[in-house]
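As structure tokens, the structure follows; a few thoughts come after it.
The values are calculated or read from the model by the stated rules, or taken from the named source; none is laboratory data. Note that the structure is a prediction, hence the values are computed from the model and not measured. We place every Cβ from the backbone using ideal geometry, glycine too, and count neighbours over all the protein chains shown.
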Amino acid sequence: MANAESAPQAARGATSFHKPNPAQSLRARTENGVPEKDSSTLLLRATAIRTLEQAALARGEPLMERAGLAAANVARGMLREAAHYPARVLVLAGPGNNGGDAIEAAVHLRDWGNTVAVCFVEDADHLPPDAARAHAKWRSRGAGTVLRAPPPPHDYDLVVDGLFGIGLTRPLRAPYADWIAAVNESVTPVLALDVPSGLDADTGRVMGAAIHATRTLSFIADKPGLHTLSGPDHAGMIEIAPLQMRFAAPGLGESGSLLSPADFRACLRPRTLNSHKGSFGSLGVIGGSAGMTGAAFLAARAALYLGTGKVFIGFVDSGAPQFDPLHPELMLRSEEAVLEMALTAAVIGPGLGQGEAAKQALTRAIALPCPILLDADALNLVAADPALRGAIAKRGGATLMTPHPLEAARLLGSNTPQVQEDRIASAARLADLYKAIVVLKGAGSVIASPRGRWWINGTGNPGMASGGMGDVLSGIAGALLAQGFAAEAALQCAVHLHGAAADELVAEGNGPAGLTASETIGAARRLYNQWTAGKAPPR
């Protein structure tokens, strides 16, 4: 539910120890607290949620009552899973509709035999109408007392976080930041309503301090901020409570999707028996300046493992190796020779360098008629040269770009904090400016197209924060481009697949600490072959 209030600055709370690994978090759909299987991946920004809420309230729909019942049912399920029922529940209620949702849940939990304490510090006379009614309902119960400060959270079996929802626009102030710190320092499980209090629902930014939830019950639809930047560290397991609402997705920009195999499944086809190496394309990897040949090798090896028919490395360094002893299948040439070939796709940037020879190679690559992917130093060269920027925007062939936040900042003439402040908006600006399919890498990588569409990827883990991972991603995406994937599907599949490969390795005990880029290549090949054989990829 949208929150009518916001709050200013306070100190950031400490990290708790009870939150599950974000890489293992699950998504479920809940209707009145009853989990249902759901394949919906819709992500809505706060403005779209508010519009839907207002329309529903105008129709007389009891959204707060539905939200409270859904929250109470999820809370009861969490307590029963932990073998605590009836139980002691601490409900933290804020000054807006999010607090009203929490108090509605408190009424149900108390009626079901639990010991419930509600903590509410504001003036009830200033509550929004629905929240005021929920508050009066709680007070009308014989034991419905309201505390002005929370008791120690570790004295309870569950904390229900209903402090602030999607309406929070300023950093939190006392006493709420202090409450959040106390909750985060305890080991008591936390159910956050709509979004963890203190987390920006659109961007995943922490507004001074934010709850670390065990589970988040998101109302009406999922929120992008739960899946990118700091969101995955705070949300825990995410469930969706549609509140019996049915609606069409809002317009471009206000809605996106959590990246799903459905977005690229049509391209996952088994190979025909009547195939030859020419059936699977020719990829050129352009890069490998002096001291940086490893980056080009990583990208090329990833492309080889993902099934490209022929993979060429075009080295900028004239003293580069003549063959790869680990993978002699790779064909090593000068960048000039490779760029003169009839390539079906090209990757430019891994280890490219930023000297004059690198700039000339990039200029020739941009002129290719085939799809190209720009990464690493290619992006830095583009950011520094208006002529290159213009040439990319005017290309006839498809262009993919894979910047990390610092590279994105250079491409936008901005800085890293500004890029991270709204990762979706930053990716969308890049896609529009360069007429390219863009992935802004990081926690919850954001893919954006020039058509105004965007996706957030949910696979991957902190083990991918190591050198060479971007080169491997470029090689995987280049392989799919070379084999005929549409540009959008190639980047979607590559990002999702690369993250899933890293997740599989961590699940096997090979990380996250010490996970290497080279290891993800073989895991990606294994998963890709499973997917093309018809085994459903993970969500």
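Quick notes on this structure:
- Scan of the range 263-289 for residues that are among the aromatic types (Phe, Trp, Tyr) and in a helix (DSSP H, G or I), ordered by number: Phe280
- Flag for Gly397 being over 27 Å from Arg45 (Cβ atoms) and assigned to a loop (DSSP other than H, G, I, E, B): yes
- Residue within the range 180-189 that is under 18 Å from Leu44 (Cα atoms) and touching a strand residue (DSSP E or B) at 6+ places or on another chain (Cβ under 6 Å) present: no
- Identity of the residue in the range 268-289, more than 16 Å from Glu329 (Cα to Cα) and touching a Ser or Thr at 6+ places or on another chain (Cβ under 9 Å), that ends up surrounded by the most Cβ atoms within 10 Å (Cβ to Cβ): Gly287
- Residue match in the range 499-511 (condition: outside any helix (DSSP H, G or I), at pLDDT 95 or above and within 19 Å of Ala448 (Cβ to Cβ)): no
- Among the residues of the range 514-525, those identified as over 21 Å from the mean Cα position of the chain (by Cα) and in a loop (DSSP other than H, G, I, E, B) are Gly514, Thr516.
- Residues satisfying the stated conditions in the range 216-252, i.e. more than 16 Å from the chain's Cα centre (by Cα), at negative phi and buried (at least 23 other Cβ atoms within 10 Å of the Cβ): Leu217, Phe219, Ile240, Ala241
- Verdict on Leu57 being over 20 Å from Ile180 (Cβ atoms), part of a helix (DSSP H, G or I), at pLDDT below 95 and assigned by TED's automatic domain parsing to the domain that holds Arg148: yes
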